[in-house]
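Have a look at the structure below before the remarks.
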Amino acid sequence: MKLKRNQKGFTLIEVLVTIGILGAIMGVMSMTVVTIMKISSQSNDQITVLRQVQNAGYWISRDVQMAKEVSPTEAGVFLAIDWDGDDYDVNYVFNGNELRRQLNGSTPGILIAQYIVGVGTDTTFTSPDSDNKCTLTIKAERGNAEVTRVYEISPRPEPNP
């Protein structure tokens, strides 16, 4: 095929250079998309475990602050809380990596948090010390994300007679 005088085309070298430049740009763009997707997944895991630890800390702190008696040593129960002596009890129990809140012995209880790990080692509750403070340590893991928080909680003081 012959070109007329006023028609122009691209040489083979120009086309190859263009393809090379476009290939480099597409390679960088695809690596960027993969990195963004990976970081997004890691960020979601971090946000999820942080929220789970905060939720467990909120509910346990709330119940301990209102408690008449706190007992972290009952069999099969992570934490037992007696609010008023007879009518209202709250137990926190673990089912695998789920923390559940049982009101007056109701089973299976309300799901409070997931991904909680290390019950008895990394996730612990200590009875009130000499300053009347309990210490709650909660650890959660999901994927490569890991969050540990320590809460200091003061139960309500005993009323004066």
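None of the figures in this text is laboratory data; all of them are computed from the coordinates on show. Small disclaimer: the values here were computed from a predicted structure and weren't measured. Methodologically, a virtual Cβ is constructed for each residue, glycine included, from the backbone with ideal geometry; neighbour enumeration extends over all protein chains shown.
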- Query: (i) 63, 14, 12; (ii) 31, 19, 12; (iii) 24, 19, 16: which one is semi-axes √(5λ) of the Cα gyration tensor in Å as calculated from this entry?
  - Reply: (i)
- Per-residue Cβ neighbour rank within 10 angstrom, fewest leading, Thr121, Thr137: Thr121, Thr137
- Message: Let's test the formula: R0 of 30 Å, r as the Cβ-Cβ distance of Ile21 and Asn44. What FRET efficiency results, to the nearest 0.05?
- Response: 0.30
- Note on the structure: Fewest to most Cβ atoms within 10 Å: Val119, Val15 sort as Val15, Val119
- Go ahead and estimate [θ] at 222 nm for the chain from helices alone: -39,500 (n - 2.57) per DSSP H run with n ≥ 4, summed, over the residue count, rounded to 500. -12500 deg cm²/dmol
- Message: Restricting to Cα pairs below 8 Å that are 6+ residues apart, what does the relative contact order work out to for the chain? Please round to a whole percent.
- Response: 20
- Note on the structure: Going residue by residue through segment 8-15, the Karplus relation 6.51 cos²θ - 1.76 cosθ + 1.60 with θ = phi - 60° gives ³J(HN,Hα) values, rounded to whole Hz and with x marking Gly or Pro, of 10, x, 9, 7, 4, 5, 4, 5
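Can you put Lys139, Lys38 in order, fewest other beta carbons within 10 Å first?
Numbers: Lys139 20, Lys38 10.
Listed from fewest to most nearby Cβ atoms, that is Lys38, Lys139.
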- Around Gly109, with a cut-off of 11 angstrom between Cβ atoms, what is the net charge of the other residues, counting Lys and Arg +1 and Asp and Glu -1? +1
